[in-house]
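Here the structure comes first, spelled out in structure tokens, and everything after it is commentary.
Read-outs: derived from the displayed coordinates by stated rules, not from any lab. These numbers come from a predicted model, not from an experiment. Cβ coordinates were reconstructed from backbone atoms using ideal geometry, including for glycine residues, and neighbour counts include every protein chain displayed.
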Amino acid sequence: MIPLNFTVTADEPLDTCLLSVDSTPNQTLPNCQNLSVISKEYEPTSGTAAWWHFNGDAADSSGNSNHGTVTGASFVAGKFGSALYCDGNDYVVVNDSSTLDGFNEITIETWVKPILGARGSIVNKYLYNYTIPINERVYELDISADGHVSFALSSNGTGAGTVWLTSNGTVNNNTWTHIAAATSDGTTMRIFINGEQDPNTAVAPHSIHSSPYNLYIGAWQWSPTDMDTYFNGEIDELIKNPE
């Protein structure tokens with residue numbers, strides 16, 4: 001508990017109270033008069049490109065209408081509300097829009113509860129196929145079989161123009177973990193695990209490729225009709241910002 005001293009202007013002033021705050025909304029606290037914890041969903045800032053709460057659907061709360069279509073995945077009790085559950089052959093597709101690429105800086109963050117053992121893509125706009133060929137790599141965030149986080153950015157859609165950063169640290173199996181990947185200064189790619197910056201960094205591309213292809217959550221698009229690198233586990237509160 002954190003002691004908070006505060007002053008209330010009233011006919012009969014209140015004494016100092018010991019305020020205990022938890023995640024239970026609308027519960028009156030003991031030994032205080034007319035004091036409640038009110039829970040309100042955080043509202044996205046004007047720079048938020050997409051925000052998927054996964055509270056029963058893949059609707060985008062950013063105001064940019066980047067709503068997703070769910071294929072196979074279900075919804076379970078998550079880190080906050082419900083979460084997207086993928087069992088290794090599911091995904092969400094979000095139609096291409098001008099807010100999903102066409103920028104020089106990017107931040108992606110999410111809560112994940114992975115079932116490790118195989119590489120799984122959390123979110124990507126990263127289509128390539130050596131046979132066709134197609135080179136439409138933009139960005140990718142995934143977790144390896146042993147829990148390392150990888151973050152990729154491409155300057156021109158090709159493999160040669162793509163920079164990969166893999167974390168030194170790992171996420172734990174079947175445990176809620178916060179992951180963020182960013183180039184907020186425009187020059188350095190960084191990964192954060194539970195708020196701690198990983199020691200590994202990479203030089204970011206000077207620009208990030210723009211692609212007409214869709215964004216995918218929970219799987220990697222190998223060709224216009226094929227998917228692979230399916231994520232196994234839960235994904236919650238996925239946010240993408242263009243800075």
Practice task
Output ³J(HN,Hα) for the stretch 85-95: one whole-Hz value per residue in order, computed from phi by the Karplus curve 6.51 cos²θ - 1.76 cosθ + 1.60 with θ = phi - 60°, and x for Gly and Pro.
Solution key: 10, 10, 10, x, 8, 10, 6, 10, 10, 10, 4
Practice task
Sort 192, 151 so that the residue with the fewest other Cβ atoms within 10 Å of its own Cβ comes first and the one with the most comes last.
Solution key: 192, 151
Problem - Hydrodynamic radius (Kirkwood) for the stretch 50-241, which is based on Cα pairs only, to one decimal in Å - result: 16.2
Completion exercise
Once residue 95 and residue 115 are pulled to full extension, the length gained, defined as 0.36 nm per residue separation minus their Cα-Cα distance, is 4.5 nm
Handout entry: Potential lengthening between residue 206 and residue 59 on full extension [0.36 nm per residue; Cα-Cα distance subtracted]
Key = 49.8 nm
Practice task
Neighbouring Cβ atoms within 10 Å as the yardstick, rank 137, 119, 190 fewest first.
Solution key: 119, 190, 137
Fill in the blank from the handout: So for R0 = 30 Å, FRET eff. of residue 103-residue 74 from the Cβ-Cβ r, to 0.05, ends up at 0.40
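Where the only charges are on Cβ atoms (+1 Lys, Arg; -1 Asp, Glu), what is the dipole of the stretch 119-243 about its Cα centre, to the nearest 20 debye?
Numbers: 5 positive and 13 negative charges, 60 e Å.
For this selection, approximately 280 debye.
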Problem - Contour minus Cα-Cα distance for residue 188 and residue 145 (0.36 nm per residue) - result: 12.9 nm
Fill in the blank from the handout: For the stretch 95-188, Rg(Cα) over 2.2 N^0.38 Å is 1.12
